[in-house]
Amino acid sequence: MNLDTMTQNSGEWLRGTGPEADIVISSRIRLARNLSTFPFTNRASAHQKAEVEHMLRDKLGKLDANPRLDYLLVPNLSALDRQFLVERQLISRELANAEGRAASPCPQAKP
């Protein structure tokens, strides 16, 4: 995925147009749920994290989504791309700063 395409689009409030351009309302909901057969990430082994990643990657690849979803390996992104995603609130600062977060390949999961 080329993150440059995302720089062309911004929220209306960021453009500063419209009668109420000086007002910014932001709300955020975060929902996290453990997969029933895996522990939460802070208790999971590297192998378990790799299993979860491969399982989710496989499921996401099979979705018929419009627009198409892209899977990004955050550790492979440049520092600038990570910062961009943080500024757009698409990833957390913690995730952006996590070096070596990608787990090693899981033998029983399809990449």
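In the range 43-67, the qualifying residues are those that are of a type in the set (Gly, Ala, Ser) and part of a helix (DSSP H, G or I), and the one that is nearest to ALA98 (Cα to Cα) is ALA46.
Of all residues in the range 34-87, none satisfies the criterion of being open to solvent by less than 90 Å² (accessible area, probe 1.4 Å), among the basic types (Lys, Arg) and at pLDDT below 85.
The values are calculated or read from the model by the stated rules, or taken from the named source; none is laboratory data. Keep in mind the model is a prediction, meaning the values are calculated, not measured. Calculation scope for accessible area: heavy atoms of the full protein, side chains included, ligands and nucleic acids excluded. Shrake-Rupley method; radii C 1.70, N 1.55, O 1.52, S 1.80 Å.
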